[in-house]
1. Taking the conditions exactly as written (surrounded by 12 or more Cβ atoms within 10 Å (Cβ to Cβ) and assigned to a helix (DSSP H, G or I)), does residue 30 satisfy them or not?
2. Between residues in the range 27-56 that are free of Cβ contacts under 8 Å to residues at least 12 places away in the same chain and residues that are loosely packed, with under 15 Cβ neighbours inside 10 Å and part of a loop (DSSP other than H, G, I, E, B), which pairs lie under 9 Å by C-beta distance while being six or more apart or on different chains?
3. So, in the range 42-56, exactly how many residues are surrounded by fewer than 12 Cβ atoms within 10 Å (Cβ to Cβ) and either in contact with a helix residue (DSSP H, G or I) (Cβ under 7 Å, 6 or more places away or on another chain) or modelled with pLDDT under 85 (or both)?
4. Residue by residue through the range 33-51, note down the ones that are over 24 Å from residue 19 (Cβ atoms) and either part of a loop (DSSP other than H, G, I, E, B) or touching a strand residue (DSSP E or B) at 6+ places or on another chain (Cβ under 7 Å) (or both).
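The values are calculated or read from the model by the stated rules, or taken from the named source; none is laboratory data. All values reported here derive from a predicted model rather than from experimental measurement. Here Cβ is always computed from backbone atoms with ideal geometry, including for glycine, and neighbour counts include all displayed protein chains.
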């Protein structure tokens, strides 16, 4: 594996971890919103929070 390949793999791994972190944050916020208002749909709240995280 060359140095460039290693750096690309490292960058891909970091991006995947960042994306997973954003999904976890959005999911946690959606669950929190659901606990505050049990009439809310968790899926819709997740999508809304995920969009907010993506726009950051």
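1. On the way: surrounded by 12 or more Cβ atoms within 10 Å (Cβ to Cβ): yes; assigned to a helix (DSSP H, G or I): yes.
Considered against the rule, which asks whether it is surrounded by 12 or more Cβ atoms within 10 Å (Cβ to Cβ) and assigned to a helix (DSSP H, G or I), residue 30 comes out as yes.
2. Listed pairs, sorted by first residue: 34/40; 34/41.
3. Looking only at that region, the number is 3.
4. The first filter runs over the range 33-51 and keeps only residues over 24 Å from residue 19 (Cβ atoms), leaving 35-40.
Those that are over 24 Å from residue 19 (Cβ atoms) and either part of a loop (DSSP other than H, G, I, E, B) or touching a strand residue (DSSP E or B) at 6+ places or on another chain (Cβ under 7 Å) (or both): 37, 38, 39, 40.
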